[in-house]
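Since the structure comes first, as structure tokens, the remarks are kept for the end.
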Amino acid sequence: MKRKFTIVLCSLIIVISVSSFVPRKKFDARPTNIILMIGDGMGLTQISYSLLTSTQKMNFERFNYIGFSRTSSSSHRITDSAAGATAISCGKKTYNGAIGVFTNKQPMTTILELAEKNGLATGLVATCDITHATPAAFIAHQPSRNMYEAIAKDFMATDIDLFLGGGLDNFNKRKDTEDLTRQLRIRNYDVLTSLEELWNYEPTKKKIAGLFAPKHLAKMQEGRADYLPFATNFATDYLKKNKKGFFLMVEGSQIDWGGHDNDAEYIRRELNDFDLAIGKALDFADLNGNTLVIVTADHETGGFALSGNEDDKTKDDLEPKFITKNHTATMVPVFAYGPGADKFTGIYQNTAIFEKMVELFRFSK
Ligand code: MG
Ligand code: ZN
């Protein structure tokens with residue numbers, strides 16, 4: 001009887017240790033690549049609306065590790081995109097409007113700059129002006145998000161391998177009359193200024209600067225087509241050539257603008273497009289094996305809610321509603337997939353996303 005008990009106890013211990021050992025071994029592997037995807041203004045309702053109106057399975061449903069990010073800035077419980085992106089890019093809370101600078105306006109090293117220093121390839125992809133707050137916070141250091149031309153100049157101080165977005169005017173129609181596209185060409189970039197050039201690009205050994213619109217790219221509803229999924233795929237394909245790995249940030253920039261406009265259809269179209277870009281990143285991660293994909297938001301926009309009729313048997317309506325034209329203080333989801341994804345469960349500050357990425361890349365700060 002005593003022996004039987006011992007055997008049962010021993011096998012129980014073996015089962016417990018094996019089952020806790022297997023996932024740990026699987027997920028402790030270090031990612032060599034991180035694709036960070038930011039849906040600007042993307043709260044849970046924004047995602048829910050697409051899920052509820054979609055006839056197909058969405059890429060959001062492929063994630064196995066999910067957490068929540070607390071988005072407050074140092075100055076306001078409701079953040080703006082500049083402080084929100086800086087918290088993620090630099091790991092410190094700062095004031096609304098700050099681009100890669102601390103509360104004392106001193107520059108902070110970004111995850112993209114750390115990646116460069118460590119010999120990784122780096123990239124930024126957005127559907128807005130590339131000098132706009134979210135992408136800017138990964139590469140520039142300015143006291144105000146409105147200093148677009150100064151932010152464009154900050155791109156010259158880096159070795160970023162690829163950036164794709166809008167904002168050509170801030171590079172070649174500047175108050176100081178400098179033509180930064182010329183400087184980019186001297187610095188060994190292929191400068192692409194139309195989407196045709198992107199679709200038909202033949203790889204060279206050069207770095208790539210894509211500035212596809214004077215300001216922002218078009219809305220999905222106004223013909224942006226599959227730019228974002230294409231650019232995401234294009235970027236991973238380009239950056240993967242660096243054997244040390246890469247850091248890539250991809251922004252679904254205009255989900256936020258649908259929220260500001262209180263326009264549910266604008267949100268839905270932009271979010272579905274972002275979901276297709278996520279699909280490209282996850283497919284790359286599946287093939288590559290060493291890529292961590294993180295999808296999150298800087299904040300929620302609009303106080304978006306879905307009401308309707310749950311009592312009326314003849315109707316199954318969804319009535320999108322908004323409580324504000326601005327941002328809200330609600331937490332935002334963080335989805336993770338790939339090596340290190342298990343680190344992203346729980347509730348934490350937005351700054352922890354930086355800390356986790358640095359830890360997984362094993363960078364020293
Ligand atoms: Mg943004
Ligand atoms: Zn906004």
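The values are calculated or read from the model by the stated rules, or taken from the named source; none is laboratory data. All of these numbers come straight from a predicted model, not from anything done at the bench. So basically every Cβ, Gly included, is an ideal-geometry build from the backbone, and we count neighbours across all protein chains shown. When the accessible area is computed, the model is the full protein with side chains, heavy atoms only, and any ligands, DNA or RNA have been set aside. Shrake-Rupley method; radii C 1.70, N 1.55, O 1.52, S 1.80 Å.
If I filter the stretch 136-145 for residues that are within 13 Å of ligand 1 (Cβ to nearest atom), at pLDDT 95 or above and over 22 Å from Val295 (Cα atoms), do I get at least one hit? Even if it seems obvious, please write down each step before you answer.
Filtering the stretch 136-145 for residues within 13 Å of ligand 1 (Cβ to nearest atom) gives 136-138, 145.
Then keep just the ones that are at pLDDT 95 or above; that gives 136-138, 145.
Of the ones still in play, those that are also over 22 Å from Val295 (Cα atoms) are 145.
There is at least one residue in the stretch 136-145 that is within 13 Å of ligand 1 (Cβ to nearest atom), at pLDDT 95 or above and over 22 Å from Val295 (Cα atoms).
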Among the residues of the stretch 213-259 satisfying the criterion of being touching a helix residue (DSSP H, G or I) at 6+ places or on another chain (Cβ under 7 Å) and polar (S, T, N, Q), which is nearest to ligand 1 (Cβ to nearest atom)?
Ser253
Collect the residues in the stretch 283-293 that are open to solvent by 10 Å² or more (accessible area, probe 1.4 Å) and outside any helix (DSSP H, G or I), keeping them in residue-number order.
Gly289, Asn290
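Applying the selection to the stretch 270-313, what residues are of a type in the set (Phe, Trp, Tyr), under 16 Å from the mean Cα position of the chain (by Cα) and within 16 Å of ligand 2 (Cβ to nearest atom)?
Taking the stretch 270-313 and keeping what is of a type in the set (Phe, Trp, Tyr), we get 274, 284, 304.
Okay, now just the ones that are also under 16 Å from the mean Cα position of the chain (by Cα), so 274, 284.
Passing the criteria: only Phe274.
If I go through the stretch 132-149 residue by residue, how many of them are of a type in the set (Gly, Ala, Ser) and open to solvent by 30 Å² or more (accessible area, probe 1.4 Å)? Full working, then the answer.
Narrowing the stretch 132-149 to residues of a type in the set (Gly, Ala, Ser): 133, 136-137, 140, 144.
Narrowing the set further to residues that are open to solvent by 30 Å² or more (accessible area, probe 1.4 Å) leaves 144.
Of the residues in the stretch 132-149, 1 are of a type in the set (Gly, Ala, Ser) and open to solvent by 30 Å² or more (accessible area, probe 1.4 Å).
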Hey, could you check the stretch 92-105 for residues that are open to solvent by 10 Å² or more (accessible area, probe 1.4 Å) and away from ligand 1 (no atom under 15 Å from the Cβ) and say which is farthest from Leu36 (Cα to Cα)?
Asn104
Residue pairs qualifying under the 6 Å Cβ cut-off, at least six apart or on distinct chains, with the first in the stretch 316-339 being without any contact (Cβ under 8 Å) to a residue 24 or more places away in the chain and farther than 17 Å from Ile255 by Cα and the second being of a type in the set (Ser, Thr, Tyr) and part of a strand (DSSP E or B), are Glu319/Ser307
Looking at the stretch 75-91, which of the residues that are assigned to a loop (DSSP other than H, G, I, E, B) and away from ligand 1 (no atom under 14 Å from the Cβ) is nearest to Pro135 (Cα to Cα)?
Gly91
Would you check if there is a residue in the stretch 219-226 being closer than 19 Å to Thr134 by Cβ, assigned to a helix (DSSP H, G or I) and open to solvent by 10 Å² or more (accessible area, probe 1.4 Å)?
yes
How about the stretch 170-214: which of its residues are touching a strand residue (DSSP E or B) at 6+ places or on another chain (Cβ under 8 Å), β-branched (Val, Ile, Thr) and without any contact (Cβ under 8 Å) to a residue 40 or more places away in the chain?
Thr181, Val191, Thr193, Thr204
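Can you find a residue that is assigned to a loop (DSSP other than H, G, I, E, B), open to solvent by 20 Å² or more (accessible area, probe 1.4 Å) and closer than 30 Å to Tyr238 by Cβ anywhere in the stretch 274-282?
Scanning the stretch 274-282 turns up no residue that is assigned to a loop (DSSP other than H, G, I, E, B), open to solvent by 20 Å² or more (accessible area, probe 1.4 Å) and closer than 30 Å to Tyr238 by Cβ.
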Report yes if some residue within the stretch 87-99 is away from ligand 2 (no atom under 16 Å from the Cβ), over 15 Å from the mean Cα position of the chain (by Cα) and modelled with pLDDT under 95; otherwise report no.
no
Matching option when the condition is closer than 21 Å to Leu124 by Cβ, open to solvent by 50 Å² or more (accessible area, probe 1.4 Å) and either charged (D, E, K, R) or within 16 Å of ligand 2 (Cβ to nearest atom) (or both), among Asp256, Asp316, Asp237:
Asp237
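Mind counting the residues in the stretch 339-355 that are farther than 16 Å from Ala85 by Cβ and open to solvent by 20 Å² or more (accessible area, probe 1.4 Å)?
In the first step, residues of the stretch 339-355 are kept if they are farther than 16 Å from Ala85 by Cβ; the result is 339-348.
With open to solvent by 20 Å² or more (accessible area, probe 1.4 Å) added as a condition, the list becomes 342-343, 345-348.
Number of matching residues: 6.
Any idea which of Ser50, Ser54, Ser69 is surrounded by 16 or more Cβ atoms within 10 Å (Cβ to Cβ), over 15 Å from the mean Cα position of the chain (by Cα) and under 28 Å from Asp342 (Cβ atoms)?
Numbers: Ser54 fails: surrounded by 16 or more Cβ atoms within 10 Å (Cβ to Cβ); Ser69 fails: over 15 Å from the mean Cα position of the chain (by Cα).
Only one candidate qualifies: Ser50.
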